[in-house]
Amino acid sequence: QVQLMESGGGLVQAGGSLTLSCEASGTIFAIRDMGWSRQAPGKQREPIASITGGGDASYVPTFRGRFTISRDNAKRSIYLQINRLKPEDTAVYYCSGNIRRTSDDSPSHYWGQGTQVTVNS
C-alpha cells in the first residue's frame with residue numbers, strides 16, 4: 001500500500017503564512033513527480049504546482065508568487081509554503097504523486113486525504 005499524508009493545515013489570519021507537508025509511506029520503489037492541488041468550497045479541485053524528482057518546480061500561473069513547492073527526497077516529502085494568505089485561499093489542500101511500488105511497476109497516481117486551510121479576514 002502507498003499512502004500520502006498531508007499535514008500543516010489549520011486556521012490562520014489573512015496576511016499570514018503557512019507551510020503544508022505531505023509524506024509518502026508504504027511500499028515504494030520510486031517517487032516521480034508530485035504536486036499540490038486544492039478544492040475550495042463549492043468549486044472543483046484545481047492544481048497549484050508540481051515538482052519533479054530532481055526538484056524542478058512548475059506552477060499554474062495563478063499561483064506563481066505566493067506559493068512555493070519544495071521537496072525532500074530523503075523524507076519522501078513535499079511541502080507547500082503559502083505566503084500572504086487571503087480568505088479566498090480557504091480550501092482543502094491535497095497532495096498527489098506518481099509512484100512506483102516495485103521495480104516491475106509502472107507509476108500509479110496517488111492522492112492524499114487532504115488538509116483543511118481556513119483563512120480568516
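The values are calculated or read from the model by the stated rules, or taken from the named source; none is laboratory data. Just so it is clear, the structure is predicted and the values come from calculations on it, not from any experiment. Ideal geometry is used to build each Cβ from the backbone, glycine not excepted, and the neighbour counts take in all protein chains shown.
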Counted residues, the range 98-109 - those being in a strand (DSSP E or B) and either crowded, with 20+ Cβ neighbours inside 10 Å or among the polar types (S, T, N, Q) (or both): 3
Can you say whether residue 98 is touching a His at 6+ places or on another chain (Cβ under 6 Å) and more than 19 Å from residue 9 (Cβ to Cβ), as far as the supplied structure shows? yes
Run down 20, 11 and say which single residue is closer than 17 Å to residue 69 by Cα and either at pLDDT below 95 or among the hydrophobic types (A, V, I, L, M, F, W, C) (or both). 20
What are the residues in the range 49-87 that are free of Cβ contacts under 8 Å to residues at least 40 places away in the same chain and closer than 19 Å to residue 14 by Cα, if any? 62, 63, 64, 65, 66, 67, 68
Output the residues belonging to the range 1-34 that are surrounded by fewer than 17 Cβ atoms within 10 Å (Cβ to Cβ), of a type in the set (A, V, I, L, M, F, W, C) and in a strand (DSSP E or B). 2, 5, 11, 30
Among the residues of the range 110-121, count how many are at pLDDT below 95 and part of a strand (DSSP E or B). 0
